[in-house]
Amino acid sequence: MFFRRAREDRAFREAQRAGFALLLRLQATQPWPDFSQQTAPAPAAGEAVAPDFLPPDLRVPSGQEVAGVMMRWLQPLVIDGDVRTCPECGAYRDWIVFCLRDDSVWLRCRAGHETKEPGLGAAWFNRHSGPVDRFHPTLEEGLRHLGH
């Protein structure tokens with residue numbers, strides 16, 4: 001079975017090479033017609049030209065303009081089989097999970113204690129977070145929006 005497949009693959013590659021060689025010979029012998037580039041007509045004198053970009057109220061901030069994204073995680077957070085608890089107060093649920101610009105993930109408990117979580121990364125955050133529904137100018141406004 002293996003040898004039959006190898007023969008079929010070899011025959012296919014040889015047919016591809018022969019077709020490519022024929023195409024090169026045709027291009028060398030056949031003069032191709034000279035197609036002129038068609039351009040869009042210029043706007044009339046009274047017509048206004050619309051810009052190609054969105055108005056400012058519809059634009060999304062770029063990655064350099066956003067310090068990070070956050071989401072709420074109500075259930076206990078289990079990483080590698082262990083339930084994460086706050087090192088200061090012992091809380092184990094109702095987290096705010098931050099993913100910062102440097103792809104680090106931080107946890108914030110209800111009491112406001114923050115800790116970096118080395119077991120999580122930006123890939124985990126992107127798999128578990130939903131779409132961004134709002135941008136906030138300050139951390140406090142974002143936390144208020146998420147109920148903290």
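Just so it is clear, none of the values below were taken in a lab; they were calculated from the coordinates. In this text the structure is predicted, and so the values were computed from the model without any measurement. Note: ideal-geometry Cβ built from the backbone for every residue, glycine included; neighbour counts use all protein chains shown.
What's the ranking of 118-129, 66-77, 12-23 by average number of surrounding C-beta atoms within 10 Å, highest first? All intermediate terms of the calculation are to be shown ahead of the outcome.
On the way: 118-129: 13.1, 66-77: 14.9, 12-23: 10.0.
Peptide ranking by packing, descending: 66-77, 118-129, 12-23.
Determine the gain in length on full extension of the stretch residue 7-residue 122; use 0.36 nm per residue of separation and subtract their C-alpha separation, reporting nm with one decimal.
Values: separation 115, 0.36 × 115 = 41.40 nm, distance 4.57 nm.
Gain in length upon complete extension: 36.8 nm.
If you take the charge dipole of region 66-145 about its Cα centre, with +1 on Lys and Arg Cβ and -1 on Asp and Glu Cβ, which of 69, 145, 113 is farthest toward its positive end?
Checking the options against the dipole of region 66-145, the answer is 145.
How much length is gained on full extension from residue 72 to residue 17, taking 0.36 nm per residue of separation minus their Cα-Cα distance?
Working: separation 55, 0.36 × 55 = 19.80 nm, distance 5.68 nm.
Going from the current span to full extension adds 14.1 nm.
Under the rule of at least 5 residues apart or a separate chain, name every residue whose amide H is placed under 5 Å from the amide H of residue 120.
none
Rounded to two decimals, what ratio of Rg to Rh does region 45-148 give with C-alpha atoms and a Kirkwood Rh? Present the calculation step by step, with values, prior to reporting the outcome.
Values: Rg = 17.9 Å, Rh = 15.6 Å.
Rounded to two decimals, Rg/Rh equals 1.15.
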